[in-house]
1. Quick one: 523, 363, 616, fewest Cβ neighbours within 10 Å first, how do they rank?
2. Order these by the 10 Å Cβ neighbour count, fewest first: 66, 428.
3. State, to one decimal in nm², a quarter of the convex hull surface area for the C-alpha atoms of segment 163-249, i.e. the direction-averaged projected area.
4. Beyond 20 Å, how much of the Cα-Cα pair distribution for segment 1-77 remains, as a whole percent?
5. Taking other Cβ within 10 Å of each residue's Cβ, how do 563, 467 sort, fewest first?
6. Compute the projected area of the convex hull of the Cα atoms of segment 466-646, averaged over all viewing directions, and report it in nm² to one decimal place.
7. Sorted from largest down, what three extents in whole angstroms do the Cα atoms of segment 45-137 have along their principal axes?
8. May I ask you to derive the FRET efficiency for residue 183 and residue 129 from their Cβ-Cβ distance with R0 = 56 Å, giving the value to the nearest 0.05?
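We did not get these values from a lab; they are worked out from the coordinates using the rules stated. Small disclaimer: the values here were computed from a predicted structure and weren't measured. Neighbour counts are summed over all protein chains in view; Cβ atoms, including those assigned to glycine, are modelled from backbone coordinates with ideal geometry.
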Amino acid sequence: MCRPCPAKSHADSAGMAECTCIPNFYRAPSDRPSDKCTETPSSPRNLVAKVHQMTSVVTLSWSPPLNHGGRNDTYYNIECARCPSDVRFSPSDRNLNVLQVNVSRLASYTTYIFNVYARNGVSNQASVVRFETVNATTFSSGFTLRFWDFKRLRYKTDSFNFEFIQLPSPVRGIIVRKITSTSVNLEWEVPEFPNGEIISYQIRYYRQDQPLTDGKYLTHTPTFGNIQEKLIENLKLLNHKYIFQVRAQTKSGFGAFSHPISTTSTNSDNGAAFGLGMIVAVAAGAVFILLAILAIIYWSVRRSYSKLDDRLYAQIPLSVRYWKGKDPLPSTEGIIYSNSNGEVALPQLTKARTYVDPSIYGDTDRALKEFTTEIEANSIRIIAVIGGGEFGDVCSGFLRQADNSNRKVAVKMLKPGASEPDRNNFLLEASIMGQFLHPNVVELLGVVTKTRPAMIITEFVANGALDTFLREHDGQFTMIQLIGMLRCIASGMRYLSEMNYVHRDLAARNILVDETLDCKVADFGLSREKEEGAYETKGGGKIPVRWTSPEAISYKKFTSASDVWSYGIVMWEVVSYGERPYWNWSNQDVVQAVEKGYRLPPPMECPQATYQLMLDCWQKDRLHRPTFGTLVSTLDRLARNPSILMNLAKIRENPLDTAIQEMSKFQNVEEWLESMKMSRYRDTFEHAGYVKLRDIAHLSANDLPRLGINLVGHQKKILKGIQMIRARIDSSGETFV
């Protein structure tokens, strides 16, 4: 049959078997000869590059081309000529069928040019492929947001200044390459994100049996290359263990110290090998004789005390228990060994350090001597009272250190006239804190027990309690910043759980925030009366009901899994900017609702991924809850992929929500506003004609600024109340008057 040529094609002569495409039009290899000819698509439209200030992740987004070339197989490719070889495009940089992509692993302070190409099935045949170009300049990949309180500096104002500080990230891969009896050779990799030119490295080292304040510092000038090394001499490694940390410095200041690494002596000091060998041989002989004597004593004691009562056994010193064969002696932890290749290996028999309950000592002073450092009272200068607790005041002050420098500290003082049990309970927290050393756990510097009043000296954390801090800065942080706070808390709790320590009172009020938004786990037993109604007596102990897991309330089963439940509540507090969990419910209502399966709804503007993590923490079966290690990994993944956080969680249908049921008690808008402590807007609603509850059920977020409600925190609280009214109407069909 003879037919006309398809669109955009022509025949060179009559009766051609296949028509030829006109210039700039083509057929794809998969097209039939009878198909029309098509062209390449026009360039993408509205190409925008957004650079995340905290992570320097570039988000490219665009609109489809106006002309798809007469085809429906349009896809997109991305090119970046200056991007590093390990740059990461998510989901991809080729054959994209989406209109957005995240670009990560970019260098700091660098301008990149991105070309986004629109292609289709005939683009490979065309000599010109259309694209759109956009520039993007990264910030620091380790941005830190610092808050300066003007009121505490110079200006009489309640406003805050926000200053971005670009600090280097921690150094990586710190190891010990060579150890002698008097020296250590440290090696480390440069920070992943230098965020500027590194001026120097600072090395801090101290003996394990000495406080951190007695540590010494060395400066290392950077050398060319990715690996840095420093020889530290004049050490006494034969009988002591040393702790080492390294941090980088740029013009903006010091970055964070690396994780501590510890080491003891080795026999690699060839110059002293002979003399040292003689000493070791003599010592080995003495030890052998001592062991033989102890073995004889052991068999004699075992026959005499084979039926020793368990209550008496608990009072036997740890070394004797070892010879009785029930409790192993604590193994040496943290020792670093180097093999012939210079590689570091940890012995398999070494156990991780574990928490020791100070109460087993029976005497508080013995526990303090074991785990804390005594500080002279005259080296502390009190500045101001910043808080209070069950046992006394919390003050800010300065501690004069060994090098005569002053360090700002927090001082917890025992109230005058306290009883001996109160003193013991007060100092119990210090003997607990003294066992921990982690950047996300509040650091104990020492105690004052030889003079009155007794004091606990800790590091000073500038922004105070997390719940109060969030309420004061409602709506002022990005979700990535909130994720960063949660990551700090999870990291601190991971460390504590690995130490086999159960916190039992994890809540936002017991988390402290420093000036760089780093969060630190605090409150290991000091205060139990800071928040009215937070603690309820259960069988002789005080339990924070709203933060406590069901098995801990019902069966007093406190484990790391119950801390994970509490962490889920903390996540909810952080995302809701310090909202009280379960609002104004009674503790009894909370227990009953949770037992029936109720879980807190997602806060406003809460990402689905974040809320799902909360629900995972609130699994009824504690064995199904994630560990803190898993939580840290998940939060890291969320921070590296901000696009995951764009999908917001929705309130589940027909929730078992006592707060919604409480709405039936309100007769008018005035009572409703008073329940939320928003009575200041009573006249605003009244003048606008909103008197009945059914009237405000139709309000949206766009209506509130029109009414003069401009504060973000107040808008969120009122919108949450409106949502509850709507849910009540939908679930029960009630008509409010």
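1. So the residues, fewest neighbours to most, are 363, 616, 523.
2. So the residues, fewest neighbours to most, are 66, 428.
3. Its average projected convex-hull area is 6.5 nm².
4. Numbers: 1489 of 2926 pairs.
Tail fraction, whole percent: 51.
5. Fewest-to-most Cβ neighbours within 10 Å comes out as 467, 563.
6. 9.9 nm²
7. Computed over segment 45-137, the largest-to-smallest principal extents equal 42, 22, 20 Å.
8. That pair, residue 183 with residue 129, gives E of 0.35.
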